Amino acid sequence: NAGVTQTPKFRILKIGQSMTLQCTQDMNHNYMYWYRQDPGMGLKLIYYSVGAGITDKGEVPNGYNVSRSTTEDFPLRLELAAPSQTSVYFCASSLGQGAGNTIYFGEGSWLTVV
Amino acid sequence: KNEVEQSPQNLTAQEGEFITINCSYSVGISALHWLQQHPGGGIVSLFMLSSGKKKHGRLIATINIQEKHSSLHITASHPRDSAVYICAVKADKLIFGTGTRLQVFP
């Protein structure tokens with residue numbers, strides 16, 4: 001059982017380049033999330049999705065885009081990478097959003113923009 | 001002031017010691033999560049609780065809703081417990097603390 005799988009694990013981008021972080025889950029979860037983790041800060045929500053075809057902005061969406069064409073996949077696209085997007089990115093999923101729902105995280109993607 | 005505060009930020013212990021990590025929050029919540037982040041970066045959910053106390057092996061989590069406070073205890077700590085422990089509260093969204101870095105030495 002793979003859970004939440006995100007790729008790549010590490011990536012170095014030049015300023016202005018674009019890339020896509022891939023995320024897939026095999027638990028048939030409705031809810032999927034993208035977070036970023038910066039040093040000394042709590043995880044911040046970038047975008048989330050409540051089901052295929054539905055996405056919404058989180059706290060820090062600027063510079064990112066997402067899509068949810070299937071239940072399994074929730075890619076995060078960085079357009080015109082900037083040094084401020086250097087961070088660790090986590091994809092996560094949960095069956096629902098209520099209090100009783102465990103959230104499952106991917107292994108993280110370390111992104112450096114130079 | 002952050003909505004979720006953890007203490008201490010850093011903690012070192014000798015193997016076998018009893019560990020307590022604290023989490024205080026200032027918003028109304030429906031649940032509180034304790035997460036573990038290993039040096040490799042992956043995050044694992046340890047507990048989700050909305051009242052009382054939960055125990056799993058050497059780990060115990062408690063929450064006091066009235067005082068807006070939760071604690072994570074580790075009994076008989078071991079070097080493999082070395083990790084960052086993150087408290088997150090479920091309000092209208094998940095709000096994460098900045099984590100407590102625990103190092104347990106043999």
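Provide Rg over Rh for chain A; use the alpha carbon set for both Rg and the Kirkwood Rh (inverse mean inverse pair distance).
For chain A, the value is 0.95.
Taking 1 over the mean of 1/r across every pair of different Cα atoms in the protein assembly as shown, what Kirkwood radius in Å do you get?
Its Kirkwood hydrodynamic radius stands at 18.0 Å.
Given Cβ point charges of +1 (Lys, Arg) and -1 (Asp, Glu) and nothing else, what value in debye, to the nearest 20, does the dipole of chain A about its Cα centre take?
Computed about the Cα centre, the dipole is about 280 debye.
Taking chain B, how many lysine pairs are there with alpha carbons less than 18 Å apart, if each pair must be eight or more places apart or span two chains?
Taking chain B as the scope, the lysine pair count is 9.
How big is D for chain B, in µm² s⁻¹ as a whole number, if Stokes-Einstein is applied with the Kirkwood radius of its Cα pairs at 10 °C and 1.306 mPa s?
116 µm²/s
Using label points projected 7 Å from each Cα along Cα→Cβ, tell me how many nm separate B:ASN2 and A:PHE10, to one decimal.
That separation, rounded to one decimal, is 2.7 nm.
Are there GluC sites (Glu not before Pro) in the stretch A:25-114 that DSSP puts in a loop and that have at most 14 other Cβ atoms within 10 Å, and which ones?
Sparse-neighbourhood loop GluC sites (Glu not before Pro): A:GLU59, A:GLU79.
Which chymotrypsin sites (Phe, Trp or Tyr not before Pro) does chain B hold that lie in a coil by DSSP with at most 13 other beta carbons within 10 Å?
Of the chymotrypsin sites (Phe, Trp or Tyr not before Pro), the ones in loops of chain B whose Cβ has at most 13 other Cβ atoms within 10 Å are B:PHE18.
Where a number appears in this text, it was derived from the coordinates with a stated rule and is not lab data. Keep in mind that this is a model prediction, so the values were computed, not measured. Ideal geometry is used to build each Cβ from the backbone, glycine not excepted, and the neighbour counts take in all protein chains shown.
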